[in-house]
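Every read-out reported here was derived from the displayed coordinates using simple, explicitly stated rules and does not represent laboratory data. In this text the structure is predicted, and so the values were computed from the model without any measurement. Virtual Cβ from ideal backbone geometry, glycine too; neighbours counted across all protein chains shown.
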Amino acid sequence: MRRSCSRATEGSVSSPTSRPPRCWRTFIAEAIEQQATDIHIETYAKDVDLRFRRNGVLCQIQTPISPDNVKKVISRIKVLCSLDIAAKPQPQDGRFAARYLGADGTERAVHFRVLVVPSPHGEDCVIRVLDPALARRDLESLGMAQNVLQIYRTLLRCPSGLILVTGPTGSGKTTTEEVERSLRPLYYV
């Protein structure tokens, strides 16, 4: 099924009482435009925070989501991921894809990984933005120091062995694996 995110333009952020589908499209499109890697929706008793992770830092964003419509927004996201909308007391994860029309007029598919967890005031949601336009395609673009890059290339040429890719959210684990996969077959345990 094809889903589309219309490009958010200045002034298109909807009011807190807007319908959930339009609301989620707005902040998803805004996150893509701002090259965010994560979207965090955090619920509180009288407020909802929307944060984007950009360059490893969470930034507070003016949100069209309010305590009145946050349940509908998160339910809509759950439906997109084929998650159980009635399962509120347990964490759930899923994924979805959307078509995005960029400012330059090009359309591309953007994938999202979603985690919904219970919180004291409802549910919180973290959406990982996997935008192919931001992907790095070679080892040099990963930002490794030259001596580390040389050691890494040597290890990749070994006929056997194990390379562990670890780190915090947004540190480049998935990007590193994608670059490795383009250089040689990888097997995951």
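Tell me the label-point distance for the pair residue 141, residue 62, using the 7 Å Cα-to-Cβ offset, in nm and rounded to one decimal.
Here the modelled spin labels are 3.3 nm apart.
Give me the dipole magnitude in Debye, nearest 20, for the range 99-139 about the Cα centre, with unit charges on the beta carbon: positive for Lys and Arg, negative for Asp and Glu. Before the final figure, lay out each step's value.
Working: 6 positive and 6 negative charges, 35 e Å.
Charge dipole of the range 99-139: 160 debye, to the nearest 20.
Quick one: 3J(HN,Hα) in Hz for the range 116-123, Karplus 6.51/-1.76/1.60 with θ = phi - 60°, rounded, Gly and Pro as x.
10, 10, x, 9, x, 10, x, 9
Let's see if you can work this out: charge +1 on each Lys and Arg Cβ, -1 on each Asp and Glu Cβ, no other charges. What is the dipole magnitude of the range 25-135 about its Cα centre, in debye to the nearest 20?
220
Stretch residue 148-residue 88 to full length: gain in nm at 0.36 nm per residue minus the Cα-Cα span?
Value of the extension gain: 17.1 nm.
For the peptides 146-154, 42-50, 27-35, what is the packing order when you average, over each peptide's residues, the other Cβ atoms within 10 Å and list the highest mean first?
Values: 146-154: 11.1, 42-50: 15.2, 27-35: 20.2.
Listed from highest to lowest mean packing, they are 27-35, 42-50, 146-154.
I need the phi-derived Karplus couplings for the range 77-94: 6.51 cos²θ - 1.76 cosθ + 1.60, θ = phi - 60°, integer Hz, Gly and Pro marked x.
Along the range 77-94, the couplings run 5, 4, 4, 4, 8, 6, 8, 7, 6, 8, 7, 8, x, 10, x, 9, 9, x Hz.
Using the Karplus curve 6.51 cos²θ - 1.76 cosθ + 1.60 with θ = phi - 60°, work out ³J(HN,Hα) for each residue of the range 43-56 in order, rounded to whole Hz, and write x for Gly and Pro.
Coupling constants for the range 43-56: 9, 10, 4, 10, 7, 9, 9, 10, 10, 10, 9, 10, 6, x Hz.
Using R₀ = 41 Å, calculate the FRET efficiency as 1/(1 + (r/R₀)^6) where r is the Cβ-Cβ separation of residue 121 and residue 54; round to 0.05.
0.95
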